[in-house]
Each structure stands twice: as C-alpha cells, then as structure tokens.
Amino acid sequence: MLHLEAEDVAEEISYWSSAVVCYVLGSNPPKEVLGGYIKRIWGKFEYDKVSFLSNGVFLVRFKTKEVQAQVLLQGFQMFDGKPVVVRPWSLSCVWLRRW
C-alpha cells in the first residue's frame, strides 16, 4: 500500500493552489465547447492550464492567487442557461478524495 506524506505532494499542491474547480449544473458539455467558454469569460485573466476531469468537472489554473481571487469575485456564471459552480481548488475537494 502506498502512503504519501504532505511533503511528497507539496509541489503539486502549490501548483494547483491558484486554480478553480468548475462544474456546469445539469450539463456535461464537450471539452472543445468548454474551452471556448473559458477563453471567452476568463481570457482577460492569466490562466495557463485547463484540465478536464470526469463527470463534467474541470479545473482552470491561473498564474497567481490574486487572479484566482479576481475570478471568484466576478460572481455567478452561466453556461447555456445553466449555472456554473466555481470554487477555489483545495486539497479537501470531495471529488478529488476518491484517490
């Protein structure tokens, strides 16, 4: 059985600390469509990576925590008439605990 310590993954935790976790309620749009949506709503911000997880969950990593905070302050987002849940990434994200 593999046992990881916090220092084993500290670099990855730091890397993703400026990301947001997103989910479109009631929809699972294709990656290409979501990529265009992200570019349209957050293109003016410094994002450098989009990662698509399973079940429509995706991560958008911004270059700094300050930019992440600006994105989170934008308020409610909609995609094709459906709400988009946008939360700061954290190590305790429930769907990431399945590892």
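The values are calculated or read from the model by the stated rules, or taken from the named source; none is laboratory data. All figures in this text were calculated on a predicted structure; none of them were measured in a lab. Heads up, the Cβs are rebuilt from the backbone with ideal geometry, glycines too, and the neighbour counts pull from every protein chain shown. With ligands, DNA and RNA removed, areas are computed over all heavy atoms of the protein, side chains included. Shrake-Rupley method; radii C 1.70, N 1.55, O 1.52, S 1.80 Å.
Observations on the model:
- Accessible area in square angstrom per residue, the chain, 1.4 angstrom probe: 68
- Stretch gain in nm, segment S14-M1, where the contour uses 0.36 nm per residue and the Cα spacing is subtracted: 2.2 nm
- When peptides 4-10, 66-72 are sorted by average Cβ neighbour count within 10 Å, with the highest value leading, the order is 66-72, 4-10.
- Across the options L25, V60, P88, the greatest Cα extent toward the positive end of the charge dipole of the chain (unit charges at beta carbon of Lys, Arg, Asp, Glu) belongs to L25.
- Share of carbon and sulfur in the accessible heavy-atom surface of region 10-99 [1.4 Å probe, %]: 55
- Only one of [x] 23; [y] 68; [z] 48 was calculated from the structure for percent of Cα pairs over 24 Å apart, and its label is [x].
- Each of the peptides 50-63, 27-40 was scored by the mean count of other Cβ atoms within 10 Å over its residues; in descending order, highest first, they stand as 50-63, 27-40.
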